[in-house]
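For reference, the structure discussed in these notes is given below.
Read-outs throughout are calculated quantities, based only on the coordinates presented, and are distinct from any laboratory measurement. All values reported here derive from a predicted model rather than from experimental measurement. FYI the Cβ positions are ideal-geometry reconstructions off the backbone, even for glycines, and counts take in every protein chain you see.
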Amino acid sequence: MNIHSAETTLSFSVGDIVLTKVVELVEHANPGVLYVDKTPNDFDPHLDWLQPNYVDADKAMRLSVHSFVLQTTHHTILVDTCIGNHKQGNTRFPQWNGRDGQYLDVLAAAGVAPEDVDFVLCTHMHSDHTGWNTRLKDGRWVPTFPNATYLFDRGEWQAWKDDDSETVRENILPILEAKQEQWVNGDLDIDGAVSLMPTPGHTPGHCSVVLKSNREQAVITGDMMIHPVQIAEPDWRQRGDSDKELAVNTRTQFINQHCDRDVLILGSHFDSPTGVHITSKHGEPRICY
Ligand SMILES: [Zn+2]
């Protein structure tokens, strides 16, 4: 697996919401890392649109780890907080442990200081979506965003609260100790522009994030699908899905519901272009930009 630092930003808008994609890193990985029983040759039917942006010349997946900053008229919202620095809880991806990256500098370059963030919203509680919830200060994990309310799904926490993992200790418990959490049950509404769509399967309380403004609409997927190939192959089962059959059902239903609709799909691990539309050209869902 290759990592190259791609700490960059990209900004665009959905109606009046300004979005900025803040990239922590991009990895190149064999599909067997992510998918049950898949090899590089399984990409062959889709290479015409997967290469070069999503699959490299060696048929390895390009996977981006990034956050989305959403700026509504009233609030700054950070969706997913990537991997973080100095973490030790990455058991499946040990190359993510002990990082010393420049994520906060990239965020600052996008015009966002930690103090500016009003809400942190995690699609689920895996280590690559909660890492920058906290940072190490004087040997203790403290909230990275001192003025933020951290929005956690109550059902997701039910699945993790008895988990004695480094990720929970490093990324979640310090937020609860600081009393900066707010529990949601799929009932989130920020400024009439940002809400949640339950998309269970990857984890029990996994949620995607729905953006609506001025008749424009977008959905941030989270890990309901990790790589764009799953738009065409929704039944590729992800190793990391806690309930693989439910995840396939959720993904298939999502793709059918959003096919040929004017909804921008923002992949939480899609390398650029990160925003795509799902179309049914040639009889199967595929991507257009
Ligand atoms: Zn992820």
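Residue by residue, what Karplus-based ³J(HN,Hα) values in Hz, rounded to whole numbers, does the range 156-161 have, using 6.51, -1.76 and 1.60 with θ = phi - 60° and x for Gly and Pro?
Listing the rounded values in order: 5, 5, 4, 7, 10, 5 Hz.
In whole Å, what are the Cα extents of the chain along the three principal axes, biggest one first?
54, 42, 36
Round to the nearest 10 and give me the degree value, 0 to 90, for the angle of helix 244-258's Cα axis relative to the longest principal axis of the chain.
Helix 244-258 sits at roughly 70 degrees to that axis.
Can you give the Rg to Rh ratio of the range 180-289, both from alpha-carbon atoms, with Rh computed by the Kirkwood formula? Write out the running numbers ahead of the final one.
Values: Rg = 13.9 Å, Rh = 14.4 Å.
In the range 180-289, Rg relative to Rh is 0.97.
Throw me the Rg/Rh for the range 69-158, computed over C-alpha atoms with Kirkwood Rh, two decimals.
0.96
Rank-order 53-61, 148-156 by packing density, defined as the average count of other C-beta atoms within 10 Å over each peptide's residues, highest first.
On the way: 53-61: 17.3, 148-156: 20.6.
Ranking the peptides 53-61, 148-156 by packing returns 148-156, 53-61.
What list of ³J(HN,Hα) couplings, whole Hz, do you get for the range 194-200 from phi and the Karplus terms 6.51, -1.76, 1.60, once you set θ to phi - 60° and write x for glycine and proline?
Per residue, the Karplus-derived 3J(HN,Hα) values read 10, 9, 10, 10, x, 9, x Hz.
Full extension from GLN217 to ASN185: what is 0.36 nm times the residue separation minus their Cα-Cα distance, to one decimal in nm? Let's see the in-between values first.
Details: separation 32, 0.36 × 32 = 11.52 nm, distance 2.17 nm.
9.4 nm is the gain from fully extending GLN217 to ASN185.
Please label the shape of the range 186-248 as rounded, prolate or oblate, based on the square roots a ≥ b ≥ c of the eigenvalues of the alpha-carbon gyration tensor (a/c under 1.5 means rounded; beyond that, a/b larger than b/c means prolate, else oblate). Show your work: numbers first, answer last.
Working: a/c = 3.67, a/b = 1.74, b/c = 2.11.
Oblate is the answer for the range 186-248, as a/c is 1.5 or above yet b/c matches or exceeds a/b.
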